[in-house]
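**Q** Provided herewith is a single structure, encoded as structure tokens, for subsequent inquiry.
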Amino acid sequence: MILPRGMVKQVLDRRNVQIILIVILVAASLFGLWAAEKQRHKYLNDDTLISLTYAKNLAAGQGFVFNHPPATLGTTTPLLTLTVGGLAALLPALSVIDVAVFFTALCWIAVPWILFLFHRAWGVQAWQAVLIGLMVIAGGWANLLGMEGYLFAALLMLSFSWLYSGRHLAAGVTAALLFLTRGEGALVFMLLLAVALWLAWRHSNLSGWRRLYPVLYLLLGFAVPLLLWGLYAYATFGRVLPDTLAAKMAQGQAGLWRTLYDELRQTWLPAWGAPFRLAQAPLLNLWWILVLTGLAAALVVYRRWLPLAAWAVLYTAGYSLLHVAAYWWYQLPIIFVMQLFVGLGLATVVAWAFRSKWQPGGLRPLPGLAARVVAVGLVVLVLYVQGARTWHTITQGPGDFQRGKALVAVSRWLGEHAPPTASLAYIEVGYLGYYTPNRIVDLVGLVTPEITPHIAARDFAWGFWHFQPDYFLYVPTADWALQSIHEDPRFAMQYRAVAQLPGPRAGTEFTIYQRVTPDD
């Protein structure tokens, strides 16, 4: 069969475009791997190392423990912990930190590839999917590689991609993995279920109860992994949900940490899109204009993107209503959704300017060369501003340098002066758990769940006197939690200072106290 010349040219043009888009994605992927290579040499966030301490012990065959039994579920992200622990056991030449950083970088890279491979399921053209993916890469959270943020983002996009492709069983399995990555994955499953029911009602070719078959597959895919995890978790920990949720709720009730709502109102909302704000007209913010453009396009044309906006609203409302203590990386799921809608807004503007095929009910395209120049310039501007910030973070960002360096020094001191069976109490336990074999008493309850009920009443001393650790780490800047311990008359009778080391902030010092026996 001989194809007409015009059709041959059309096929070749389409293939050339595909090749160009794949080359762009490969370049973006190399950028993500380069970022991981840079980041693995920096001091990570202390909370990251809580999960990696569990992964370290899993890789060493010691079980799901924070250095010493009993097993506790003190990590927010069981899936990342199990995955990194398993990979570290298979790749003993790499440190657990290296495995975590590179694995989460691969998850970051996976987002644009998922969009590209499933662009038809999302109702966008291939080039639009790549543009949205580039927005995710340009606005990357390189300083939080090693945490679960990008694992969650990749699974979030994959869950909806499977659903929109008609693969309901796979969508259910991925949603279960989302729940095991972070508990708010349950909210994503609720949205998937709602979308599946809507599609079954409006668009299914099946009749009667057979319309619900796809929904049942979704439920089955979600239930099986959760059942397996539930059996393991209940047998290992006596519970299924991580201890961290109760601990973060207790911290929020204590009033010493801001809630998600407070952080949104006072800190995060004013900061979002700051590089795109005009000094002369603060309300004219290009970032928010593009977010609204993407939302408007989703309402009119790309309706399959709307559940992502709904997810961001549910996430914000859920954490606000629970009064969970909000750490600054809790904003990342919201930022991720905004990045997607900024990308969709940019893709909409470009499609409008270049007269790309517009779906029924859409707006008429802008005419002329000027519109195309403006559209391309807008894309370059936004990607440059976002990419420049990410580049600076990767090349110039110090990581958690001062605190990380100080806690590593404390860990080394313990390695030289304390037996592995000795216990240490402090309020930040990630570095101490990862870099020592010692038993760590977490005075804010994340990995020591017995302490959690007392945190809501701001009683940080109960856990200290209950466990009577062999060593106590004190710094004056943490007196909001440690003062009641340090100034208790019993403390001076039972503990003595044995070392002073640089503290977690410039100009501060750690004091290490050791418990003394009557003979001492």
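**Q** For W34 and Q468, what is the calculated FRET efficiency with R₀ set at 45 Å and r taken between the beta-carbons, to the nearest 0.05?
**A** The computed FRET efficiency comes out at 0.40.
**Q** Between L91 and A279, what length in nm is gained on full extension when 0.36 nm per residue of separation is reduced by their alpha carbon distance?
**A** So the extension gain works out to 62.6 nm.
**Q** While we're looking at this one, here's another question. Could you size up the charge dipole of segment 339-483 around its Cα centre, putting +1 on the beta carbon of Lys and Arg and -1 on that of Asp and Glu, and report it in debye to the nearest 20?
**A** With Lys and Arg at +1 and Asp and Glu at -1, about 1200 debye.
**Q** Residue separation times 0.36 nm, minus the C-alpha to C-alpha distance between L369 and K405: what's the value?
**A** That works out to 7.5 nm of additional length.
**Q** Leaving ligands, DNA and RNA out of it, work out the accessible area of R389 with a 1.4 Å probe and give it in Å² to the nearest 10.
**A** Here the accessible area works out near 130 Å².
**Q** So with the 1.4 Å probe, I'd like the accessible area per residue for segment 42-117, rounded to whole Å².
**A** Solvent-accessible surface per residue comes out at 31 Å².
**Q** Considering amide H positions built from the backbone, and no H for Pro or chain starts, which residues 5 or more places from D442, or on another chain, come under 5 Å of its amide H?
**A** The list, which skips near neighbours in sequence, is V447, T448.
**Q** Right, something else. Expressed as a whole percentage, what fraction of the accessible surface of the chain belongs to carbon and sulfur atoms when a 1.4 Å probe is rolled over the protein heavy atoms?
**A** Of the solvent-accessible surface of the chain, carbon and sulfur hold 65 percent.
**Q** Would you kindly derive the ³J(HN,Hα) couplings of segment 383-390 from the backbone phi angles with the Karplus curve 6.51 cos²θ - 1.76 cosθ + 1.60 (θ = phi - 60°), listing them in order in whole Hz, with x for Gly and Pro?
**A** Couplings: 5, 5, 4, 5, x, 5, 5, 5 Hz.
**Q** Taking the Cα atoms of the chain alone, what are Rg (to one decimal) and Dmax (as a whole number) in Å?
**A** Rg then Dmax for the chain, in Å: 25.6, 98.
**Q** Still on this structure: Treating only the Cβ of Lys, Arg, Asp and Glu as charged (+1, +1, -1, -1), what charge dipole size does the chain show about its Cα centre? Round to the nearest 20 debye.
**A** Computed about the Cα centre, the dipole is about 2760 debye.
**Q** Can you work out the accessible area per residue across segment 410-500, with the rest of the protein chains kept in place, probe 1.4 Å, in square angstrom?
**A** Ligands and nucleic acids excluded, the result is 42 Å² per residue.
**Q** Okay, moving on. Could you list the trypsin sites (Lys or Arg not before Pro) in segment 448-513 that lie in coil according to DSSP, counting only those with at most 13 other Cβ atoms within 10 Å of their Cβ?
**A** The qualifying sites are R505.
**Q** Residues of segment 222-338: accessible area per residue at 1.4 Å, in Å²?
**A** Ligands and nucleic acids excluded, the result is 49 Å² per residue.
**Q** Output the 0 to 90 degree angle, nearest 10, between the alpha-carbon long axis of helix 185-202 and the longest principal axis computed from the alpha carbons of the chain.
**A** So the helix axis and the longest Cα principal axis differ by about 20 degrees.
**Q** Here's another thing I want to ask about it. Report ³J(HN,Hα) in whole Hz for each residue of segment 482-499, in order, from the Karplus equation J = 6.51 cos²θ - 1.76 cosθ + 1.60 where θ = phi - 60°; Gly and Pro get x.
**A** For segment 482-499, the Karplus-derived couplings read 9, 4, 5, 7, 5, 9, 5, x, 5, 5, 5, 7, 10, 10, 9, 6, 10, 6 Hz, x marking Gly and Pro.
**Q** Quick check: the angle from helix 168-181's long axis to the longest principal axis of the chain, C-alpha only, nearest 10 degrees?
**A** 30 degrees
**Q** Further question: Once fully extended, how much extra length lies between D262 and L228, figured as 0.36 nm per residue of separation less the alpha-carbon to alpha-carbon distance?
**A** Details: separation 34, 0.36 × 34 = 12.24 nm, distance 3.72 nm.
Difference between extended and current length: 8.5 nm.
**Q** Would you compute, from DSSP H runs of 4+ residues alone, the mean residue ellipticity of the chain at 222 nm, taking -39500 (n - 2.57) per run and dividing by the full residue count, rounded to the nearest 500?
**A** -20000 deg cm²/dmol
**Q** Cut-off under 20 Å on the C-alpha distance; same-chain residues fewer than 8 positions from K42 excluded. Which aspartates and glutamates are left, in chain and number order?
**A** Output for K42: D98, E148, D400, E428.
**Q** Between the alpha-carbon centers of segment 367-412 and segment 491-515, tell me the distance in whole angstrom.
**A** Spelled out, the Cα-based centre of one part sits 38 Å from the other.
**Q** Can you give the FRET efficiency to the nearest 0.05 for T395 and A27, using r as the Cβ-Cβ distance and R₀ = 25 Å?
**A** Efficiency for this residue pair is about 0.90.
**Q** For the chain, take the longest principal axis of its alpha carbons; what is the angle in degrees between that and the long axis of helix 5-39, to the nearest 10 within 0 to 90?
**A** Around 10 degrees separate the two axes.
**Q** When DSSP beta bridges are limited to those with both residues in the chain, what percentage is antiparallel, rounded to the nearest 5?
**A** Once the DSSP bridges in the chain are tallied, antiparallel ones form about 65 percent.
**Q** For segment 124-185, what D do you get in µm² per second when you plug the Kirkwood radius from alpha-carbon pairs into Stokes-Einstein at 20 °C and 1.002 mPa s?
**A** Estimated diffusion coefficient is 168 µm²/s.
The values are calculated or read from the model by the stated rules, or taken from the named source; none is laboratory data. It should be emphasised that the depicted structure is a prediction, and the values quoted were computed from it without experimental measurement. Heads up, the Cβs are rebuilt from the backbone with ideal geometry, glycines too, and the neighbour counts pull from every protein chain shown. Side chains included, ligands, DNA and RNA excluded: accessible areas come from the protein's heavy atoms. Shrake-Rupley method; radii C 1.70, N 1.55, O 1.52, S 1.80 Å.
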